[in-house]
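The values are calculated or read from the model by the stated rules, or taken from the named source; none is laboratory data. What you see is a predicted model, and the numbers here were worked out from it, not measured in a lab. Using ideal geometry, Cβ is built from the backbone for each residue, glycine included, and neighbour counts are taken over all protein chains shown.
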Amino acid sequence: MYRSRRRQRGQIVPITALAMIALIGGVALILEGGNAYAHQREAQNGSDAVANAGATVLAQFIGGTSKTDADVSASMNNVSNLNYLNDYDGYYTNVTGQWLTPRGATTASQGAAGVLAGNVPINSGLRSSDDVFTFSVAPKIKFGDRASLYARVAKGYRPGGAGIPVHLNTQECTDQLNQLGGGANYEADTLWSYELGLKTQLFDRHLSIEGSVYHIDWSNIISAVHVPLCATHISKNLGDAKSDGFDLSVKALLSEGFSAGLSVGYTNARYSSDSEIFGETLARSGQAISDIAPWNVTAELMYQRLLTDKVTGYGRIEDRYTSRNNRLVPAEDSTTVTYDPFITTNPAVNQLNGRLGVRFGDGSDLALVATNLLNTHPVLNEQIFLINITSGAFTVRPRTYGLAYSYHW
């Protein structure tokens, strides 16, 4: 995204990428109702944009600009046309949602409310051209009862549309919008995801292995762009991104009651094209998307023993490691407009946790819990400012002990 805060400008972070992928098991081909859902969202976004357009004109009137109901209606109709809304009704309401009469009094009757806009079809021959659907294909092959191999291909989609109108009528604002190709419309973006995974159990189920590799390709990303000379944000398509990675989980029963586990995850999230705005570079192809740690590793040792017929004692120690991101991010590149010499990269973080407890046959669990046993204090997300160099960092919770009780039924 491109925001007004310098630290955030130019970041295209596909936070919602994995949420678009449905987790589907078995041999299946599922054609989702993505087309209908996309158009429903498009209509809702259009309705919101129409309401915001009218509210903007009202705000100008409150600020002392000469505006009439006709100006409000014209602004709403213009945005409805851009969003291909075939028909809508607009009424004045108060902050609680009650209808208002033409004289400003509240009324319980919609028929008595003052009509602001709509009531007639608007450009009824227009239709949206975003006629697409999303899908997920996930075949799975089983090798006996202890091994399976699966693959998944899926597509995600967000429709394009029209943003709220820009009402600051200055030449400087118009020129800046023209550099973006105008402020009215933005196109759809798409996301493709590919995944291949394996699950297996070996040595009479004493060893369990699960792993997967994936590739995500996000194109034509819809981003919020700050237009400073217009004092507003608009939606535009800025750049592409890719993410590759894998995850591996191994669990082993070493002896009776004694087990060990290791989980490793790797992510390579990067820009796959140069992004520019107002003739300046936001990010370059190959640069990392924000300060994302590429490696995450968790190691665990656990011992449990039956104390009585209905009581089991256990102990677990866990070490979590997050690596430093040694790849260049746009904010560290002095040739980009997002460059900030005060930006720092998070260091590697290692945290040791422990748990000692008992489980009862009725589903109760009582444990002594300790977090951050090494009492490490890494400085994370540090932001150094010229005025106050202490304002902008946090760390992990210090060494903490406590009792935890849970009950399962």
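See the values below:
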{"read-out": "Subset tally (residues that are of a type in the set (Ser, Thr, Tyr) and either outside any strand (DSSP E or B) or without any contact (Cβ under 8 Å) to a residue 12 or more places away in the chain (or both)) for the stretch 371-382", "value": "1"}
{"read-out": "Among residues of the stretch 192-205, those that are in a loop (DSSP other than H, G, I, E, B) and either within 16 Å of SER263 (Cα to Cα) or modelled with pLDDT of 95 or more (or both), counted", "value": "0"}
{"read-out": "Selection status of SER128, at pLDDT below 90 and either buried (at least 16 other Cβ atoms within 10 Å of the Cβ) or not in a strand (DSSP E or B) (or both)", "value": "yes"}
{"read-out": "Condition check for ASN220: among the polar types (S, T, N, Q) and either farther than 24 Å from VAL137 by Cα or in contact with a Phe, Trp or Tyr (Cβ under 6 Å, 6 or more places away or on another chain) (or both)", "value": "no"}
{"read-out": "Condition met for ARG355 (of a type outside the set (A, V, I, L, M), outside any loop (DSSP other than H, G, I, E, B) and either loosely packed, with under 14 Cβ neighbours inside 10 Å or under 26 Å from the mean Cα position of the chain (by Cα) (or both))", "value": "no"}
{"read-out": "Hits in the stretch 268-285 (condition: in contact with a strand residue (DSSP E or B) (Cβ under 6 Å, 6 or more places away or on another chain) and not hydrophobic (A, V, I, L, M, F, W, C))", "value": "ASN268, ARG270, TYR271, SER272, SER275, SER285"}
{"read-out": "Among the candidates ALA147, ALA53, ALA49, ALA74, residue that is within 30 Å of LEU207 (Cβ to Cβ), at pLDDT 75 or above and among the small types (Gly, Ala, Ser)", "value": "ALA147"}
{"read-out": "Complete set of residues in the stretch 294-346 that are in contact with a helix residue (DSSP H, G or I) (Cβ under 8 Å, 6 or more places away or on another chain) and hydroxyl-bearing (Ser, Thr, Tyr)", "value": "THR336, THR338, TYR339, THR345"}
{"read-out": "Hey, LEU368 surrounded by fewer than 15 Cβ atoms within 10 Å (Cβ to Cβ), outside any loop (DSSP other than H, G, I, E, B) and at pLDDT 90 or above or not", "value": "yes"}
{"read-out": "Residues of the stretch 218-244 classified as surrounded by fewer than 17 Cβ atoms within 10 Å (Cβ to Cβ) and assigned to a strand (DSSP E or B), total", "value": "3"}
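Rundown of residues vs (1) touching a Pro at 6+ places or on another chain (Cβ under 8 Å); (2) without any contact (Cβ under 8 Å) to a residue 40 or more places away in the chain, yes/no style:
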| residue | (1), (2) |
| --- | --- |
| ALA293 | no, no |
| VAL297 | no, yes |
| MET302 | no, no |
| THR336 | yes, no |
| TYR339 | yes, yes |
| LEU352 | no, yes |
| ASP365 | no, no |
| LEU368 | no, yes |
